[in-house]
Structure formats: structure tokens, C-alpha cells
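J.: The structure's right below; bear with me while I get my questions together.
Every number in this text was worked out from the coordinates using simple rules, so none of it is lab data. Since this is a predicted model, take the numbers as computed values, not measurements. Here the Cβ positions follow ideal geometry from the backbone for every residue, glycine too, while neighbour counts run over all protein chains shown.
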Amino acid sequence: MESQSTQSTETPVRTAHLPLVTEPRNPGTELDLDWVRAVQANTSAIERRAATLPGRRSVKKDYQAAWLLKAVTLIDLTTLSGDDTVGRVRRLCAKARQPVSDALLDAMDMPAITTGAVCVYHDMIETAVTALKGTGIPVAAVSTGFPAGLSPFHLRVAEIEESVKAGAEEIDIVISRRHVLSGNWQALYDEMKAFRVACGDAHVKAILATGELGSLRNVARASLVCMMAGADFIKTSTGKESVNATLPVTLVMIRAIRDFYDRTGYRVGYKPAGGISKAKDALVYLSLIKDELGDRWLQPDLFRFGASSLLGDIERQLEHHVTGAYSAGYRHSMG
Amino acid sequence: MMIVKEIFETMDYGPAPESAAEALAWLVDQGDRFGHFINGAFTKPGDGFESRNPATGEVLATLSQASQADVEAAVDAARKAQPKWEGLGGGGRARYLYAIARLLQKHSRLFAVLESMDNGKPIRESRDIDIPLAQRHFYYHAGMAQLMENELPDAEALGVCGQIIPWNFPLLMLAWKIAPALAMGNTVVLKPAEYTSLTALLFADICTQAGLPKGVVNIVTGDGVVGEMIVASDVDKIAFTGSTSVGRRIREATAGSGKELTLELGGKSAYIVFDDADIDSAIEGLVDAIWFNQGQVCCAGSRLLVQEGIADRFYTKLRARMDGLRIGNPLDKCIDVGAVVDPVQLQTIKGMVEGNTAGETYQAVCDLPKNGCYFPPTLITGLETSDPLMQEEIFGPVLVSSTFRTPVEAVELANNTRYGLAATVWTENVNLALDIAPKLVAGVVWVNATNLFDAAAGFGGVRESGFGREGGWEGLNAYTKSKGKTKALAKVEAVSGEGAPVDPVDRTAKMYVGGKQARPDSGYSKPIYGKSGLLGHVGLANRKDVRNAVEAAVGAKGWARTTGHLRAQILYYIGENLSARAAEFAHRIDAMTGKKTGAKEVETSIQRLFTAAAWADKYDGQVHGVPIRGVALAMKEPTGVIGALCADEAPLLGLVSVMAPAIAMANRVVLAASEPYPLAATDFYQILETSDVPAGVVNILTGSHAELAGPLASHLNVDAVWSFSSRDVSAEIEKAAAGNLKRTWVNNATATDWSVDHSRKFLQAATEIKNIWVPYGE
């Protein structure tokens, strides 16, 4: 990666901070319906925990800056619009390579960082792969008839295969919500398993579309079934539902991840997506992950933010940290 | 000092301190020394003691120890201010309470920081829980003042209230005490705990800012000696929150004084987790149950009961959760558990945990600050009910645990305690939750939640957790009395006489115990004369007859589960059968009293029975409007076994007026008949026998009230004792009642007009209000 620095030539060339990916992939398990059906999620209690969390955890000054920088490395910088073009995706990839200006990084004596991944539709994979060549930043593609997931099954599987062929290292699939809503866990398991197989070496994130699952108990059960079927990540939303990532949903999904780890020894990643646009929210998410799952999950191989506008707010907060003055959006390069 | 690059790798939480500057500046402004707040002004600071920050040991201020003269001056000021304050009217008082609420809100952070510095609780709790709830109590009771005249037309203020509060929720307990007292037109003398007086003194400042009339709120500082002075002073009511042992002493000290009393005491509240619960949420609930405020919470869910099948998994998850708790500087915004209030308290906790050899003790693997009063979150599993730590209140961050097999066993274990403050139930099964909640002996039950509080829902306990409620409509009873003047009650003497029996055939009046006619254990009887001669003999009951009667009443526990409809039918039936023999009863009464009021007394007694029958299925509970998505069900439950010394002057009506509302509310009663005129009561059991009253529900003893008062009031299986006797037994009853802190209602030698229907008062005394919180949502 080339230095984007506009500072003096003495600035050392930065190397991107690459996550150490040593985690064995979740191979999945048999579908354990007893386990699935025993899962409970008490909505009121979960909401209370979520509501009080921001008051229980606070990260300040240098710690806050470091946490926000960490958050940057966990972002799947995303564009999923019908009007995406090659130019638009290139600009996004440039931002992924250099999400925070060198001036700010220097001020905090930080090495270079990149975002966790870039997330695009299938048609933009090639553009993104080219733009990110040599950076180690993976390209994620949404797939399987995203966002509704209602195209013919064989086409959804084929879409995964095409995307992997095109160079996507991560595939964000959408599950069939109807399987959850009708309690057809076997169908959900089979579908997820087929998607996992189609992904091959690419990591698969299962998008549950939690806003359409009707209850937190369904979220918990769908999370478990997808992990049993071999999901590498479970993800809240497409960003297209009316309700996307929320703290209560997050709590339910990461508790499912914790239970899955406790019983199988495999760590599954978590990706909240949609609706997280403020630096402050990101800190709350990170503290929730830290407290419920542990520090190991605060690395890009196990946690991602699916977000497009979050980075801008983080940059402004970082500049405030460095200069003491509140920042303006136009001072930071757009992605 | 870590740099950003390092923190980026470790992802540690750093320090996030709340500034103490403003609170310290306020203390400096006050000269770091405080007098008492009496009659609207601070007295000159006198000899006293230091108030320390338990997290650091630093001295925050020097406080004055109140003298007898100080307490008298405070009570005097409150006494002088009270008529005018009450006379201001509810609307007028509401404005002051509203102003106080607003001022608490405006200075909320100052209160929160000062509270955390003084008490050691995390700033998160003082900022997000204590202070907002204190504000809420003043807002809520501003509303109660506003509504008083219309909604409680028969109520008036008690007068001057002495209030003694603990150190665990200093400002919040002040609010719980002062807001309802002021709303109902009382004035107060309040003593904060000596460890934590600072926010009360800041509150005094707020009263001045609100322009509260002088003398309405008086605050004196000092230790338990000052508390004793307040208890002994010329106040009309004592409200105390604190330990059961001190509560017991206050009960004894105020016995027979006529001072109203409410006690909010200790607890060992059960926290029950069924195997179908949301386990992660139940574990998170424990954080709020026992690690909230360092476990120094009277209603802390300190006794965990887990269903056997999930116990191992539950404990494993719980231990992991404990390790995630952050203990340290209370002013840090990222701290879960702060400092224990004082080194003395810390030693007590340590002593109790170290003294325990049973079960398996786990302490959270977490960093403790080197200095200050800190104790690690502790879990002791595998305890049995016989282990002291399963019974004794630790009042620290220590959770004890045992397992159960079935819902029935869970209830038995939960209720196997002298306390009865709160309980928590976790299950996703609504049938189970709503079946268990009423069976738990506690004043508050939380379903799938814990430690929820609000001004709109009453809080308080049963058994040795005290009596009285704070909050809600039910809380207003603690600060009001019925309007009207009291008259002295003269001792009613039996008609003395001699001569032959009026009735040539000897009729033996027995007692009525467990549905059977019973001879007195003593084998002694006494003659009852009328003007015309000997009317008969009655047995002289002794303590063993009391024992037998209480045993029978306790055994008739099925009555508590009957429907209101059934009890109404039985009460109507009693009325019907009494009506059929009205002339005979009237004649008997006239013969004993030598008056001609018998017919009217019988007629009124029948009315009383019909009124009680009417109420049996209509004395409804409430659904409180608490600020959660859910309901707080204020359910009326029977008080339990009630012992009553019935009025001497109205031999039938006095007994029926007590019995009818008591059994209508599903209590069982042990009644001591009118001492001079007992034969109406002994005739009455024949009515009971023919009216389908189950055995043991009503038990009737005859004999000396002075003899029966002690055994009844000291009996640990009796839940309440009432006395309308014209004998001087009120003090003895209240003193003996301290044993199990049973509820008392004694006349203190004042007369009751039995021709007037007091059913409301009886229904109130015959019931306990249990608030069941049921949050919902899918």
C-alpha cells in the first residue's frame, strides 16, 4: 500500500494493520432441535440490559480514540445502491485503504489502518478487488437475491459461486425469513448449509433480517440454526428492513454466539448492520461485545460493523480528540 | 500511561472519572461543617463526627451530633409549623412539592456526585437510579397532595412525623419518607444515617430554595442515640427504615404510646430461576439484584434458588459474568460495583463470609483497589436452608444459593425465612409466574426482572421485614388518619351478682376451637351474672388455649385460597342464621348488660355481616401506572392469622365487626370475647357451626383479656393482633408484638363507636398489599 501522506517525506511508509486470522472456521454441527427449541429470549429483560448499558460503560480520552480507531478497522465499508458505478466503488475502496488521514494518525502515533472490508453487490466485486489489490482488505459481496432472498434457490446458490469466482472473499447471504416465521428450522438449516458449501473458502455471513423475524426468540433460534449450519458470521440486517441493527437484537445474537462457542469451541463472528452511524453508538457496541463475548471478538475476523456513514462521524471525533476543537465533515475525505 | 497504539491492542477500559469539583466546592461553601436544619435555618455546627468517603477514607465534612435540646427544638418547630402547613390545603402543598422536585432535577448532578462520594455507590447508580427516583417521588406526591381533598375526604394528617433513614439510599429514602408525609399535611423531623448525611443537608438547602415554610422539614444529624431521642420525642408517628433488630427496638419503645409506626426492615429475598427461564437475562438480573449498590439493599435478591436441571450451567455462566464486573472508584462512570459504606460494614461482611464453612465459595476474578472499603462479588453455592448464610442478611455483595426440584419446593424454600420483603421469579411460562407470585410471602414480587421501583407502586414487607408501604395509594395510609375526635374508653365491668341460675337447666358455655366446642385447659370457669341472676359460666382460657386456637387457625390455611364469592356466601349465611335467632341474642345481650340495646346490636351485627359479605368479592386490588412496559399489580392478600381482643362494651357487635371483615378477606381469626359479657360470643359459635364456616377459620376464647393479650401478641405464628378491649393491654400487646414484628391495631384506651360502620378500616387492616411487577413484551 502506498502512503497517502501529504506530510514531510520523513513520515515512515505505513503498512496496513492486518488482522491475525488464526481462528479455525466453524464447520457447523448437526441440527440440534432440542437446543433450538429450548432457547428463550425475554424481551423486556433484554431491552433493560440494552437500555442501561450506555450508562454503565464509558470510554474517555486516549482510550476513546483507540477504541474509535479499532472501530474503523472493524467497518465493512458498504455501498449497496442501485446507482453504484465503478467510480463510486473506487472512491469507496480508496477510503477503505486510508480511512483516517495520516495527519490524525500521526498525531496519535498510530500506524496505518484500513477498514475491515468493502461490501458491494456482485457486479462491483471486480472493481473493488482491483482497487484493493495488495492491501489485504477483503471484498465482501451481498448475495442470494439480496435483500429479499426470494429468487429461485438454484440461482441464489449460483450467485454465490459467481461472486466467489469474481474474487469475493466474504459472502453475505440472506436467509429465507419464511423458514423462521413458520418454524421450519430444518429448511433453514439445509438452506444455510447449501450456501456455506457454495461459498467454498470464502467466509459466509448469514444475514437474519432480524427486523422481519417477529420476535427476539426467533432471532435467537435463527442465530443458532445458522451457526449449526456452518455460518462464519451472523449478521443482523440487510440495511433495507424498516428496523435494522439494535442493541437488544445484538444482545440476543451475541449470547447465541457465546452459547455456541461454549458448546462447540468454535467462535462465530458478529456483524450488526444498518442504523449505526454515530461514533458514540460504535463505542456502546464495542463495550457490549467486550463484556458479553470478550476481547477476542474485538478483531476484524470476528466482528464487523456494516455501516456507511459511521466512519465520517468517527473521523470527526478523532479530530476533536487530537485538536480539542469540534470538527466538520468536509474536513475529511468522503468515501 | 498507555498510549493510543497500545490501547488499540489491549482494548482496555480506561478511567472515566466524573468530576468531584462541584460537590467539593459546595462542601467548602458550607465551611465543611454542618449544624442541623431546624425551623428553616442551619444551627451553628456543634460537637460531632466526621463524614468520610468510603472509597478513599478522606474526610468530607464534620457533622454535628444532635443533643436532646436539638431534637426537642426540631420537634417543636415541626409542631408549630404543622397546622399552617396542613391548612395550606393540598393544592398549596402540591406547589412546594413540585418546586422541590424541580430543584432536585436542576441540581441532579450535584446530588449524584455528593451521594456517590458520601456513600460509595457507583455514580451510574446515583445518577441514573437514586436521584431520578427521588425526583419522581416528589413529583408523584405533589400529585397526591393535589388530589387529597377530593380523593381522601376522610383523611387528615397525623401531625409531626419522626423519620429515621438508612445509609444505603440516603437521598432516595429521604424522598420516600418526606414526600408522602408533606403531601398529606404532616411536618417532619428526619435523621439521616450518620455515615451518609450530606445529601440530606443539601436537601435542606433545596427546601430553602423552594421557599418551604420554616419548620415543615427539619433535619438533625447524629448516630443511633439521636434516633432514640426522636423515637422518644413528642411526635405522632415514627417511620423507620433500617435493620430488623433496630426496628424491633423501636416497636418496643413506642409500644402503647399511640405513635403510629411503619417499619421497613431487612430481608433475605429469594431469587427463583426456573428451567424455562431466559438464563442469560436471569443472570444479568442478578447483577441488578445483589451487585447493585454493593448488595447493600434491603430487598436484594440475595438468596438464589435454581432449578436442579439447569443449576450447573447457570452457575458456570454466573461465575463468568461475575468476572466481568468492574469494581472500583465510585465516581468512575465505567464501574459496576463501588465501595462498601464503611470499614465497619466491610468487616461485618468479611466476618460472615469467612465464618462460613459450608458450600462452595467463588469470588469474582477482578481487580480490587488497594485502599478503600471494597469487597469482591461473591457467590456461595450448595448451601442448605440450615446454613446461617441462607437465613441471615449479609447486606453485602454476597449471593448464596441452593437448588430446588419443583415449583412447590421452590415456594417452600423461598418462604422458609423470617423475612418477607421481596422475591424474584424467572420463567417464560406465564401460568407458572402468576401461580408462584401470590404464593411467595413478600411485599414485592418481580417477574422476569428485579429491583424495579417507582413512586406509584407500594414498597414494603411482611413478617420481620416490617409493615407499612411506601409509594402508591397504599403508601398514604402511613401518613394519614381518619378525621374525627377520639373519646376515652372507660373500663367496662361485668355485672356483679349472686343468686340462682335464671335458667333452671344448666347451660355450659364452652370455647370454640378448630370447629369444636372446647373446655378450657385450665379447668377453671367464672360465673356471668345479669341483673336477674346467674346467666351461666364461661371457661377461663389460658396460654395453652391460645396455643390450641392459633394452631387451629394456622391449620385452616385452605381458607386463604377460597374465592371471595364463597366467603360472601358463608357470611350471608351467618347473617341469615343470626337473623333467625335475633330475639334470643337480643335478650341475652340485654340480660348481660342490663340495657335495652340488644335488639339494635343484633340488627347492626347482621348489617355488618352483610356488609362484609358484600365486600368479600369487591375489595379489589389495583394496577399501578408504573413507567415500564408492563404492570404492577397491587394485590390484596389476607394478613394471615389475626388475634383480636373484642370490644367489652358491645358483646356481639364488637365481635362481629372484627370477625366479619377479617374472614371476608380470607384471614383466620382467634377472638377473645368481651370479658364482662362473653355469653353472646359463646352463643354465636352455634351460629357459626350451622353456617358452613370451615373448622379453624373462627376460634373463640373466653376469659381475661389481660391473661390472653400476652400469649396472643407474642405468638410467633400470629400475623396480627388487634385490641378493642377496655382493659389496659395496648402497651403490652405492642411490646410483645415485637417478637415477630406482627402488625398491631390497638385502641390505646380510646373508644370505638360500634354503631358506625368502620368496615374500610377493618378491610385495610385485614389485608396486605403485594405489588407484583410483570414487565411484558415479545
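J.: Just rank B:701, A:216, A:293, fewest to most, by other beta-carbon atoms within 10 angstrom. Walk me through the intermediate numbers first.
T.: Values: B:701 30, A:216 24, A:293 21.
Starting with the residue having the fewest Cβ neighbours, the order is A:293, A:216, B:701.
J.: Highest mean first, how do B:318-324, A:189-195 rank when packing is the count of other Cβ atoms within 10 Å averaged over residues? Before the final figure, lay out each step's value.
T.: Values: B:318-324: 18.3, A:189-195: 21.4.
So the order, starting with the most tightly packed, is A:189-195, B:318-324.
J.: Rank B:553, B:442, B:520 by how far each Cα sits towards the positive end of the charge dipole of the stretch B:440-563 (+1 on Lys, Arg Cβ; -1 on Asp, Glu Cβ) and give me just the farthest.
T.: The Cα lying farthest towards the positive end belongs to B:520.
J.: Provide B:469, B:52, B:303 in ascending order of the number of other Cβ atoms located within 10 Å of each residue's Cβ, fewest first. It would help to have the intermediate numbers written out before the result.
T.: On the way: B:469 27, B:52 20, B:303 30.
If I rank by nearby Cβ atoms, fewest first, I get B:52, B:469, B:303.
J.: What residues have an amide H closer than 5 Å to that of residue B:459, excluding those fewer than 5 places away on the same chain, when H is modeled at 1.01 Å from N in the peptide plane?
T.: Residues meeting the amide H criterion: B:470, B:471.
J.: Using a Förster distance of 25 Å, how high is the FRET efficiency between residue A:155 and residue A:184, based on the Cβ-Cβ distance and rounded to 0.05? Could the numbers behind the result be given before it?
T.: Working: r = 21 Å, r/R0 = 0.83.
That pair, residue A:155 with residue A:184, gives E of 0.75.
J.: Restrict the search to the stretch B:468-518; then list the GluC sites (Glu not before Pro) that DSSP places in a loop and that have at most 13 other Cβ atoms within 10 Å of their Cβ.
T.: Sparse-neighbourhood loop GluC sites (Glu not before Pro): B:493, B:498.
J.: Given contacts defined as C-alpha pairs under 8 Å and at least six residues apart, what's the relative contact order of the stretch A:215-297, whole-number percent? Before the final figure, lay out each step's value.
T.: Details: 90 pairs, mean separation 26.9, N = 83.
Contact order relative to length: 32 percent.
J.: Moving to a separate point now. Of B:381, B:494, A:101, which is farthest towards the positive pole of the protein assembly as shown's charge dipole, taken about the Cα centre with +1 and -1 on the beta-carbons of Lys, Arg and Asp, Glu respectively?
T.: B:494
J.: What Kirkwood Rh does the protein assembly as shown have if only Cα atoms enter the pairwise 1/r average? Answer in Å.
T.: On the way: mean 1/r = 0.0304 Å⁻¹.
This gives a value of 32.9 Å.
J.: Still on this structure: Step through the residues of the stretch A:141-157 one at a time and calculate ³J(HN,Hα) from phi using the Karplus curve (6.51 cos²θ - 1.76 cosθ + 1.60, θ = phi - 60°), rounding each to whole Hz and writing x for Gly and Pro.
T.: Here the 3J(HN,Hα) series is 10, 6, 8, 6, x, 3, x, 7, x, 10, 7, x, 4, 5, 6, 5, 5 Hz.
J.: Mind checking the mean number of beta-carbon atoms from other chains within 10 Å of the Cβ atoms in A:49-58?
T.: On the way: counts 6, 0, 0, 6, 0, 1, 8, 10, 8, 12.
Per residue, the average neighbour count from other chains is 5.
J.: Sort B:75, B:189 by Cβ crowding within 10 Å, fewest neighbours at the top.
T.: Values: B:75 23, B:189 32.
Listing B:75, B:189 from fewest to most nearby Cβ atoms yields B:75, B:189.
J.: Let me test this: with uniform point scatterers at the alpha carbons of the stretch B:660-708, what is the Debye-based log₁₀ I(q)/I(0) at q = 0.15, 0.16, 0.32 1/Å?
T.: The Debye formula, applied to the Cα set alone, gives -0.41, -0.47, -1.23.
J.: When a/c reaches 1.5 or more, the comparison of a/b and b/c decides; with that in mind, is chain B rounded, prolate or oblate per its Cα gyration tensor?
T.: On the way: a/c = 2.31, a/b = 1.62, b/c = 1.43.
Since a/c reaches 1.5 and a/b is larger than b/c, the shape of chain B is classed as prolate.
J.: Which residue, A:203, A:321, A:154, has the most motion in a Gaussian network model of chain A that connects Cα atoms within less than 10 Å?
T.: Per the Cα network of chain A with a 10 Å cutoff, A:154 tops the list.
J.: Using a basic spin-label model with each label point 7 Å from the Cα along Cα→Cβ, how many nm lie between residue B:80 and residue A:52?
T.: About 4.6 nm, to one decimal.
J.: Distance in nm between label sites at residue B:750 and residue B:566, each 7 Å beyond Cα in the beta-carbon direction?
T.: 3.8
J.: Related question: Given the C-alpha centroids of the stretch A:265-311 and the stretch B:141-158, what is the distance between them in whole angstrom?
T.: Cα centroid of the stretch A:265-311 versus Cα centroid of the stretch B:141-158: 53 Å apart.
J.: Looking at the square roots a ≥ b ≥ c of the eigenvalues of the Cα gyration tensor of the stretch A:169-278, which shape do they give, rounded for a/c under 1.5, prolate if a/b is larger than b/c, or oblate? Please list the in-between numbers first.
T.: On the way: a/c = 1.27, a/b = 1.22, b/c = 1.04.
It comes out rounded by the Cα gyration axes.
J.: Give me a single rounded figure for A:32-43: the average over its residues of other chain Cβ atoms within 10 Å of their Cβ.
T.: On the way: counts 0, 0, 0, 0, 0, 0, 4, 2, 10, 5, 18, 8.
Average per residue, whole number: 4.
J.: Would you mind working out the magnitude of the charge dipole of chain B relative to its Cα centre, with +1 at each Lys and Arg C-beta and -1 at each Asp and Glu C-beta, to the nearest 20 Debye?
T.: Working: 73 positive and 89 negative charges, 368 e Å.
Value, rounded to 20: 1760 debye.
J.: Report the gain in length on full extension from residue A:148 to residue A:243: 0.36 nm times residue separation, minus Cα-Cα distance, nm rounded to one decimal. Present the calculation step by step, with values, prior to reporting the outcome.
T.: Details: separation 95, 0.36 × 95 = 34.20 nm, distance 1.44 nm.
Difference between extended and current length: 32.8 nm.
J.: How big is the charge dipole of the stretch B:628-778 about its Cα centre, in debye rounded to the nearest 20, if each Lys and Arg gets +1 on its Cβ and each Asp and Glu gets -1 on its Cβ?
T.: Numbers: 10 positive and 16 negative charges, 120 e Å.
That gives a dipole near 580 debye.
J.: Under 5 Å between amide H atoms, partner at least 5 residues away or on a different chain: which partners does residue B:193 have, H built in plane at 1.01 Å?
T.: Under 5 Å from the amide H of residue B:193 lie the amide H atoms of B:165, each far enough along the sequence or on another chain.
J.: Provide the gained length on full extension for the span residue B:9 to residue B:686, in nm with one decimal, where the gain is 0.36 nm per separating residue minus the Cα-Cα distance. Please report the intermediate quantities before stating the final value.
T.: Values: separation 677, 0.36 × 677 = 243.72 nm, distance 8.55 nm.
Contour length minus the Cα-Cα distance gives 235.2 nm.
J.: Packing-wise, with mean Cβ within 10 Å as the measure, how do B:649-660, B:77-88 rank, highest first? Show your work: numbers first, answer last.
T.: Numbers: B:649-660: 27.6, B:77-88: 18.6.
For the peptides B:649-660, B:77-88, the packing ranking is B:649-660, B:77-88.
J.: What are the residues whose amide H is under 5 Å from the amide H of residue B:746, where those residues sit 5 or more places off or on another chain and H is modelled from the backbone?
T.: Close amide H contacts, sequence-distant or interchain: B:723.
J.: Pull up the cross-link candidates among the lysines for residue B:317, meaning alpha carbon to alpha carbon under 20 Å and not fewer than 8 places away within one chain.
T.: The qualifying lysines are A:290.
J.: What's log10 of I(q)/I(0) for the stretch B:174-280 at q = 0.16, 0.19, 0.22, 0.24 Å⁻¹, Debye sum over Cα points only, no solvent?
T.: -0.78, -1.01, -1.30, -1.50
J.: Just to confirm my numbers, what's the Cα centroid distance between the stretch B:239-296 and the stretch B:35-69 in Å?
T.: 28
J.: Which order do peptides B:575-587, B:345-357 fall in by mean Cβ count within 10 Å, highest first? Write out the running numbers ahead of the final one.
T.: Details: B:575-587: 17.1, B:345-357: 14.8.
By packing density, highest mean first, the sequence is B:575-587, B:345-357.
J.: Can you give the FRET efficiency to the nearest 0.05 for residue A:23 and residue B:412, using r as the Cβ-Cβ distance and R₀ = 45 Å?
T.: Working: r = 48 Å, r/R0 = 1.07.
Rounded to the nearest 0.05, the efficiency is 0.40.
J.: Then there's this: Per the Kirkwood treatment, what hydrodynamic radius in Å, one decimal, follows for the stretch B:311-375 from the mean inverse distance over all distinct Cα pairs? Could the numbers behind the result be given before it?
T.: Numbers: mean 1/r = 0.0750 Å⁻¹.
For the stretch B:311-375, the Kirkwood estimate is 13.3 Å.
J.: Okay, next question. When the Karplus curve 6.51 cos²θ - 1.76 cosθ + 1.60 is applied with θ = phi - 60°, which whole-Hz ³J(HN,Hα) does each residue of the stretch B:293-309 get, with x for Gly and Pro?
T.: 6, 6, x, 8, 9, 4, 9, 3, x, 9, 10, 7, 10, 10, 5, 3, x
J.: Oh, and also: Can you give the extra length, in nm with one decimal, that the chain gains between residue B:508 and residue B:348 once fully stretched, where that is 0.36 nm per residue apart less the Cα-Cα distance? Each step should come with its number before you reach the end.
T.: On the way: separation 160, 0.36 × 160 = 57.60 nm, distance 5.97 nm.
Taking residue B:508 through residue B:348 to full extension adds about 51.6 nm, to one decimal.
J.: So, one more: Dipole magnitude of the stretch B:522-626 about its Cα centre, charges +1 at Lys/Arg Cβ and -1 at Asp/Glu Cβ only, in debye to the nearest 20?
T.: About 360 debye.
J.: With a/c under 1.5 counting as rounded, go ahead and sort the stretch B:83-123 into rounded, prolate or oblate using the C-alpha gyration tensor (a ≥ b ≥ c being the square roots of the eigenvalues; past the cut-off, prolate if a/b is larger than b/c, else oblate). Please report the intermediate quantities before stating the final value.
T.: On the way: a/c = 5.31, a/b = 2.79, b/c = 1.90.
Prolate.
J.: Taking R0 as 41 Å, what's the FRET efficiency between residue B:706 and residue B:59 from their Cβ-Cβ distance, rounded to 0.05? Kindly include the intermediate steps, with their values, before the conclusion.
T.: Numbers: r = 55 Å, r/R0 = 1.33.
It comes out at approximately 0.15.
J.: Using the alpha-carbon atoms, what tilt in degrees (0 to 90, nearest 10) does helix B:582-593 show relative to the longest principal axis of chain B?
T.: For helix B:582-593, the angle is close to 90 degrees.
J.: Can you compute log10 of I(q)/I(0) for the stretch A:46-145 with the Debye formula, treating each Cα as one identical point scatterer, at q = 0.12, 0.13, 0.14 Å⁻¹?
T.: Values returned for q = 0.12, 0.13, 0.14 Å⁻¹ are -0.52, -0.59, -0.66.
J.: Using the basic label-point model (7 angstrom from Cα toward the beta carbon), what is the residue B:316 to residue B:757 distance in nanometres?
T.: Roughly 6.4 nm, to one decimal.
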